[in-house]
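Below: one structure, written as structure tokens.
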Amino acid sequence: MAGMSALVLGGSGEVGKQLLQELVRNGSFSRVTVISRRNLDLEGDKIEQKIVDFDKLEDYKEAFQGAQVAFCCLGTTRGKAGAQGFVRVDRDYVVAAAKLLRDAGCSQFHLVSSNGANKKSHFLYPKTKGEAEEQVEALGFPKLSIYRPALLLCDRQESRPFERIAQVLVKGFDWRNKISIGTDTVASAMIANALDAHTQLQGKVTPDAQTPSEAWESKGKVEILENKDILRLGID
């Protein structure tokens, strides 16, 4: 298997950066398109950056063409963007981009959500993540994988003091990764899952099921991967 075309939304975050590094190294991907709102310092012959205005995504439909698999790592914080800004990025931008990819014929959409995502929650963060999951699922991708990692272990450039304290505490006793996970593990899991999905999809296409959507019917089009599932995929 070679020559897959991937698209990454949100390559500046910690999971996104890890994901891009692995995609560049992985020979199964021949082209990697990065959609972002500003130019990123990226290296790699097969990487192409496309700068867009996420508030006017309809004007950038062409940037979303040609991807076989899409990885969405878009996200911000309430402290950085405010409550409305957080919802706009983590839900509205995610759903708008996913719709363009669905309309462009992308077969797989891999969405980084969060542990505890719940559209009925009274708290902004899990509620927004849950709403994003529901709205992306409603788009009807041939294959949708939703990842719900626990506390991400990484060294962020931006300041998140409470998260940093939590990481220090967790590293001391969470040796079995029950409530935490490395960003490299999340990235590895997403890629492994995408490659496995591609292989199974190709194997399921028969004269009676010529389209990706039809081919996936017997396997299940939507899957939710909790922290333990991500660990299994990312470490094995």
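Things worth noting here:
- Of all residue pairs spaced 6 or more apart or on separate chains, those with beta-carbon atoms under 6 Å, a first member in the range 53-73 that is of a type in the set (S, T, N, Q) and a second member that is at pLDDT below 95 and not in a loop (DSSP other than H, G, I, E, B) are 68/4.
- Filtered residue count, the range 1-12, keeping only those that are touching a residue at least 60 places away in the same chain (Cβ under 8 Å), surrounded by fewer than 21 Cβ atoms within 10 Å (Cβ to Cβ) and either in a loop (DSSP other than H, G, I, E, B) or of a type outside the set (Gly, Ala, Ser) (or both): 2
- So residue 34, is it among the aliphatic types (A, V, I, L, M) and surrounded by fewer than 18 Cβ atoms within 10 Å (Cβ to Cβ): no
- Taking the criterion of being over 20 Å from residue 76 (Cβ atoms), in contact with a Leu (Cβ under 7 Å, 6 or more places away or on another chain) and assigned to a strand (DSSP E or B), the residues of the range 27-41 that qualify are 29, 32, 33.
- Residues that are of a type in the set (A, V, I, L, M, F, W, C) and surrounded by fewer than 17 Cβ atoms within 10 Å (Cβ to Cβ), drawn from the range 13-24: 24
- Residue within the range 123-132 that is modelled with pLDDT under 95 and over 14 Å from the mean Cα position of the chain (by Cα) present: no
- Qualifying residue in the range 153-172 (condition: of a type in the set (Lys, Arg), closer than 23 Å to residue 85 by Cα, surrounded by 13 or more Cβ atoms within 10 Å (Cβ to Cβ) and at pLDDT below 90): yes
- Number of positions in the range 83-127 that are of a type outside the set (D, E, K, R) and more than 19 Å from residue 227 (Cα to Cα): 23
- Selection status of residue 44, part of a loop (DSSP other than H, G, I, E, B) and either out of contact with any Asp or Glu (no Cβ under 7 Å at 6 or more places or on another chain) or touching a residue at least 60 places away in the same chain (Cβ under 8 Å) (or both): yes
- Residue among 96, 81 that alone is modelled with pLDDT under 95, touching a helix residue (DSSP H, G or I) at 6+ places or on another chain (Cβ under 8 Å), surrounded by 14 or more Cβ atoms within 10 Å (Cβ to Cβ) and part of a helix (DSSP H, G or I): 81
The values are calculated or read from the model by the stated rules, or taken from the named source; none is laboratory data. Keep in mind the model is a prediction, meaning the values are calculated, not measured. Note that we place each Cβ from the backbone using ideal geometry, even for glycine, and neighbour counts take in every protein chain shown.
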